[in-house]
Amino acid sequence: MTRPRTSIHGEWSSRWAFVLAAAGSAVGLGNIWKFPYITGENGGGAFVLVYLVCIAVIGIPIMMAEVLIGRRGRQSPINTMTSLSEEAGKSRRWSLLGWSGVVAGFMILSYYSVIAGWALAYVFRSGIGMFHGADADQVAGIFSELLASPERLLAWHTIFMVMTMVVVARGVRSGLEKAVRFLMPVLFILLIVMVGYAMNTAAFGKGVAFLFSPDFGKLSRDGVLIAMGHAFFTLSLGMGAIMIYGSYMPERASIAKTTFMIAGADTLVALMAGLAIFPIVFANNLEPSAGPGLIFVTLPLAFGQMPGGSFFGTLFFILVVFAAWTSSISLVEPAVTWMVENHGMRRLTACVWSGIAIWALGIGSVLSFNVWSDYTLFGKTFFDLMDYLTSNIMLPLGGLFIAIFAAWVMKDADVRDELAIVNKLGYRLWRVLVRYVTPLGVIIVFLNAIGVLHAG
Ligand code: PFF
């Protein structure tokens, strides 16, 4: 298999378009929905600190590795892994890394779409003024009523899946690129408004302290694994999403600079979401550890009390939907490109088939919030299992192998050529990080979580 110089699927119009698209993939439910709730469940500051360290020493170096592999291969992750391993004279089995990414993408999107469906439902609830003047109990009631209805959850999940597949079917420039260009900046502005609101609540200081003063006594071993898993999830790493976006990247754009921008924007949005949410949690005596419903039972309280709240609430949930949308498209892109390349399918046909498969898998998550809520494995519902397996196991493993591939399998000259870091020290630092620090870091966190490091 030879390595094409350009992707048959298209190319971003500029490096900015790449940054926006990759930031669109990174910034999503992970930042606004998941980060606050897992921070709340894992005790706050210490968890946030571990997450930030993982972004810096594991996430950023691996993102650079994933982008460089993608741009050099210029194909779907499965075929990219095959041709780059051939180029390096190594086993074609590395294509398995592409496969595990496709599977992880399907699993993630299946439940991601259900949660995005909650946000869709909230656009309308907020729009008709349902939260106006509501107290904490009423807001919680509205949320549990939604979860109790499999029909409604299924309907919203279906709508979101259709939305996702429509954009993916339109392809790189006219679909993906157009959507993110406009939406990302608006989301950012609205988050600033929300943080501004939270600053005026009496509990802002408490929220800040919860997020930023670490108490390691509150962080379990599993919590450390969850923090690392989230670094992968939030940056869209370890499953080929960033790899396929890298394959559409123009030749001359700098991988290091664009990576810093993407990771920086992603981290900023997560911290802002935390700063908007926790003060409201404490001001209303709510539980930070409320779980996946956290933003759905806190933010509506703020919208219910602020002037123009129905308007801001509607706008906010619209933006959450858009943030989820620009991420969800990247979760199927690796599979769709493979079907087009290897089976000669039209993009549209590939989208229909993968969309149906993911939608069907999502029914499991829909039911896990109601009819199947008592069916658990290792104490986890279907939704919990999908999330735990992908974020905390499959993505970090995928990232581990991506690091190993870039640092130990590919030829140093090829890697250097692709990264084109002018600064020698910068290149060396990156190399030490992907060669030793990231693989060891991931392995240590895994061993720690299963208790091996604490025997006896
Ligand atoms: N990064 C996205 C978020 O934070 O919501 C989720 C995600 C997208 C994870 C794409 C993995 C991925 F490949």
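Out of segment 1-23, which residues are under 14 Å from Ile244 (Cβ atoms) and either of a type in the set (Asp, Glu) or without any contact (Cβ under 8 Å) to a residue 24 or more places away in the chain (or both)?
Hit for segment 1-23 is Glu11, nothing else.
Which residues, taken from segment 362-382, are of a type in the set (Gly, Ala, Ser) and without any contact (Cβ under 8 Å) to a residue 12 or more places away in the chain?
Ser373, Gly379
What are the residues in segment 355-381 that are within 23 Å of Thr234 (Cβ to Cβ) and outside any loop (DSSP other than H, G, I, E, B), if any?
Ile358, Leu361, Gly362, Ser365, Ser368, Lys380
Within segment 225-241, how many residues are in a helix (DSSP H, G or I) and either without any contact (Cβ under 8 Å) to a residue 12 or more places away in the chain or more than 7 Å from the ligand (Cβ to nearest atom) (or both)?
Final tally of qualifying residues: 8.
Can you find a residue that is crowded, with 21+ Cβ neighbours inside 10 Å, assigned to a helix (DSSP H, G or I) and under 19 Å from the mean Cα position of the chain (by Cα) anywhere in segment 406-417?
Looking through segment 406-417, none of the residues is crowded, with 21+ Cβ neighbours inside 10 Å, assigned to a helix (DSSP H, G or I) and under 19 Å from the mean Cα position of the chain (by Cα).
Taking Ala46, is it touching a residue at least 12 places away in the same chain (Cβ under 8 Å), within 15 Å of the ligand (Cβ to nearest atom) and in contact with a helix residue (DSSP H, G or I) (Cβ under 6 Å, 6 or more places away or on another chain)?
Against the criterion (touching a residue at least 12 places away in the same chain (Cβ under 8 Å), within 15 Å of the ligand (Cβ to nearest atom) and in contact with a helix residue (DSSP H, G or I) (Cβ under 6 Å, 6 or more places away or on another chain)), Ala46 does not qualify.
Can you name the number of the only condition in (1) without any contact (Cβ under 8 Å) to a residue 12 or more places away in the chain; (2) within 23 Å of Gly309 (Cβ to Cβ) that Ala203 fails?
(1)
If a residue must be of a type in the set (Gly, Ala, Ser) and surrounded by 24 or more Cβ atoms within 10 Å (Cβ to Cβ), how many such residues does segment 303-335 contain? Before the answer, list the steps.
If we filter segment 303-335 for residues that are of a type in the set (Gly, Ala, Ser), which is where we start, we get 304, 308-310, 313, 323-324, 327-328, 330, 335.
Within this subset, residues satisfying the condition of being surrounded by 24 or more Cβ atoms within 10 Å (Cβ to Cβ) are 313, 323-324, 327-328, 330, 335.
Qualifying residue count for the region: 7.
Examine segment 272-295 for a residue that is part of a loop (DSSP other than H, G, I, E, B) and within 12 Å of the ligand (Cβ to nearest atom), and state whether such a residue exists. Walk me through how you get there before you give the answer.
Looking only at segment 272-295, we keep the residues that are part of a loop (DSSP other than H, G, I, E, B), and these are 284-293.
Applying the additional criterion that residues be within 12 Å of the ligand (Cβ to nearest atom) yields none.
Looking through segment 272-295, none of the residues is part of a loop (DSSP other than H, G, I, E, B) and within 12 Å of the ligand (Cβ to nearest atom).
With touching a Gly at 6+ places or on another chain (Cβ under 6 Å) and at pLDDT 95 or above as the only criterion, which of Phe216, Phe260, Phe296, Phe210 stands out?
Only one candidate qualifies: Phe210.
Of the residues that sit in segment 117-153 and are within 16 Å of the ligand (Cβ to nearest atom) and either of a type outside the set (A, V, I, L, M) or outside any helix (DSSP H, G or I) (or both), which one is nearest to Gln305 (Cα to Cα)? Steps first, please.
The first filter runs over segment 117-153 and keeps only residues within 16 Å of the ligand (Cβ to nearest atom), leaving 117-120.
Still in the list and also either of a type outside the set (A, V, I, L, M) or outside any helix (DSSP H, G or I) (or both): 117-118.
Numbers: Gly117: 24, Trp118: 21 Å.
Here the answer is Trp118.
For every residue, the table says whether it meets (1) surrounded by 15 or more Cβ atoms within 10 Å (Cβ to Cβ); (2) over 25 Å from Gly73 (Cα atoms).
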{"site": "Phe382", "(1), (2)": "yes, yes"}
{"site": "Ile402", "(1), (2)": "yes, no"}
{"site": "Ile421", "(1), (2)": "yes, no"}
{"site": "Arg428", "(1), (2)": "no, no"}
{"site": "Val434", "(1), (2)": "yes, no"}
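Out of everything in segment 322-357 that is under 17 Å from Leu120 (Cβ atoms) and small (Gly, Ala, Ser), what residue ends up being nearest to the ligand (Cβ to nearest atom)?
Looking at residues that are under 17 Å from Leu120 (Cβ atoms) and small (Gly, Ala, Ser), I get Ser327.
Is there a residue being more than 16 Å from the ligand (Cβ to nearest atom), in a helix (DSSP H, G or I) and under 18 Å from Val442 (Cβ atoms) anywhere in segment 208-222?
yes
The values are calculated or read from the model by the stated rules, or taken from the named source; none is laboratory data. Quick caveat, the model's predicted, so the values are computed rather than measured. Glycine also receives a Cβ, built like all others from the backbone with ideal geometry; neighbour counts cover every protein chain displayed.
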